[in-house]
Amino acid sequence: MEQTAVISGAASGIGAATAKRFLEKGINVLGVDMALPFSEEGNLGWIQGDVSKSETWTLVKEELARRHWHPEVLVTAAAYLAVGNVLEITDEQWSNTINVNQLGLVKAVRAVLPQMIERGRGAIVTVGSIDSYLAEQGLIAYCTSKGGILQFTKALALDHARDGIRANCVCPGVTDTPFFRRHLDTASDPESFLKTREQRNPLGRLLRPEEIAATIVFLASEEASGITGAQIVVDAGLTAGFDFRTGDEGA
């Protein structure tokens with residue numbers, strides 16, 4: 001049976017890596033992003049638009065109907081990040097963060113969930129962050145939005161478990177994406193910032209988008225049929241403990 005996945009934030013980073021992995025498995029993908037598609041493959045559809053706007057998701061539903069695709073998977077990878085503390089973040093930046101990271105998620109779910117319920121099955125994978133449960137200095141709006149994503153996912157899983165819907169949240173650590181590189185550029189010393197981020201991870205490196213995508217695809221598969229309402233942390237060991245020594249600073 002033909003399968004279809006709808007993926008927001010599909011143009012780059014984790015979203016693109018996830019889309020490519022689904023395509024490799026022969027699964028149809030409908031990407032949603034402000035940017036142009038990364039490919040012109042036949043089983044890759046595309047809606048270019050703002051995920052926080054209702055008209056974007058109306059177009060998604062119309063495109064699914066036009067292609068006779070029935071969504072069984074939804075991945076919400078679209079994200080917005082503003083740097084600053086509560087006194088520095090503007091109202092516009094705060095609104096943009098909530099609109100993309102949370103409202104865009106809500107609208108995505110509303111667009112595809114009815115079809116999933118009608119067919120009695122569906123897997124929703126939201127992309128949270130380690131900032132969903134641990135705060136990060138200078139990212140108060142982002143942390144607030146990502147915390148909400150985790151709780152939304154858990155509540156969604158409970159509300160629709162008897163409808164045959166599973167919902168889980170992947171919480172990545174620092175991942176080498178264009179999104180992270182833009183954040184890196186805001187640092188006063190990007191090279192030092194990057195090295196610190198790499199070395200604080202027990203694995204000694206940043207994660208690759210493909211590593212997060214592998215977890216997302218697993219959660220969307222029948223192999224994860226017993227997992228719902230869960231948070232899956234993929235963070236190179238960062239949150240495994242409160243102290244990690246690289247070996248350079250002594251015992």
Worksheet, complete the sentence: Using alpha carbon positions and the Kirkwood radius, the Rg to Rh ratio of the stretch 1-98 is 1.05
Worksheet item: Per the Kirkwood definition applied to all pairs of different Cα atoms, how many angstroms is the hydrodynamic radius of the stretch 187-229?
Response: 12.7 Å
Worksheet item: What value, in deg cm²/dmol to 500, does the helix sum -39500 (n - 2.57) over DSSP H runs of n ≥ 4 give at 222 nm once divided by the residues of the chain?
Response: -12500 deg cm²/dmol
Discussion item. Through the Karplus equation 6.51 cos²θ - 1.76 cosθ + 1.60, θ set to phi - 60°, convert the phi angles of the stretch 194-204 into ³J(HN,Hα) values in whole Hz; use x for Gly and Pro.
Written reply: 5, 4, 4, 4, 5, 6, 6, 7, x, 6, x
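About the Cα centre, and with charges only on the beta carbon of Lys, Arg (+1) and Asp, Glu (-1), how big is the dipole of the stretch 94-206? Nearest 20 debye, please. Before the final figure, lay out each step's value.
Values: 14 positive and 10 negative charges, 75 e Å.
Magnitude of the dipole: close to 360 debye.
In the stretch 1-71, what GluC sites (Glu not before Pro) fall in a loop by DSSP, with at most 10 other Cβ atoms inside 10 Å? Present the calculation step by step, with values, prior to reporting the outcome.
Numbers: sites: GLU2, GLU24, GLU40, GLU41, GLU55, GLU62, GLU63; in loops: GLU2, GLU40, GLU41.
Sites meeting the loop and neighbour criteria: GLU40.
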Worksheet entry | Student exercise, the chain dipole from Lys, Arg, Asp, Glu Cβ charges, in Debye to nearest 20 | 560 debye
Practice prompt. Write down, largest first, the equivalent ellipsoid semi-axes of the stretch 68-109 in whole Å, where each equals the square root of 5 times an eigenvalue of the alpha-carbon gyration tensor.
Written response: 29, 9, 6
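Compute the semi-axes of the equivalent ellipsoid of the chain, taking the square root of 5 times each eigenvalue of the Cα gyration tensor, and list them largest first in whole Å.
Details: eigenvalues 187, 78, 62 Å².
Computed over the chain, the values are 31, 20, 18 Å.
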Practice prompt. State the Cα centre-to-centre distance between the stretch 1-67 and the stretch 200-226 in whole Å.
Written response: 20 Å
Worksheet, complete the sentence: Computed curve, the stretch 36-142, Cα-only Debye sum without solvent term, log₁₀ I(q)/I(0) at 0.13, 0.16, 0.21 Å⁻¹, is -0.58, -0.81, -1.15
Discussion item. To test your reading of the geometry: what angle, between 0 and 90 degrees and rounded to tens, separates the Cα axis of helix 13-24 from the longest principal axis of the chain?
Written reply: 40 degrees
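What is the antiparallel percent of DSSP beta bridges lying wholly in the chain, to the nearest 5?
On the way: 0 of 31 bridges.
In the chain, DSSP labels about 0 percent of beta bridges as antiparallel.
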Worksheet item: Dipole of the chain (Lys/Arg Cβ +1, Asp/Glu Cβ -1, origin at the Cα centre): which of GLY147, GLY120, GLY241 lies farthest to the positive side?
Response: GLY120
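Using Cα pairs under 8 angstrom and six or more residues apart, how large is the relative contact order of the stretch 150-251, in percent? Display every interim value, and only then the final one.
Numbers: 112 pairs, mean separation 41.1, N = 102.
Taking the mean separation of contacting Cα pairs over the length of the stretch 150-251, I get 40 percent.
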Worksheet item: Given a cut-off of under 8 Å on Cα pairs at least six residues apart, what relative contact order in percent is computed for the stretch 4-237?
Response: 20 percent
Fill in: HN-Hα J in Hz across the stretch 84-96 - Karplus 6.51, -1.76, 1.60, θ = phi - 60°, x for Gly and Pro
x, 8, 5, 7, 9, 5, 7, 4, 5, 5, 5, 4, 4
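Values in this text are rule-based calculations from the coordinates and carry no lab data. Since the model is a prediction, treat every value here as computed from it, not as a measurement. Because the Cβ atoms are built from the backbone with ideal geometry, glycine has one as well, and the counts that use them run over all protein chains shown.
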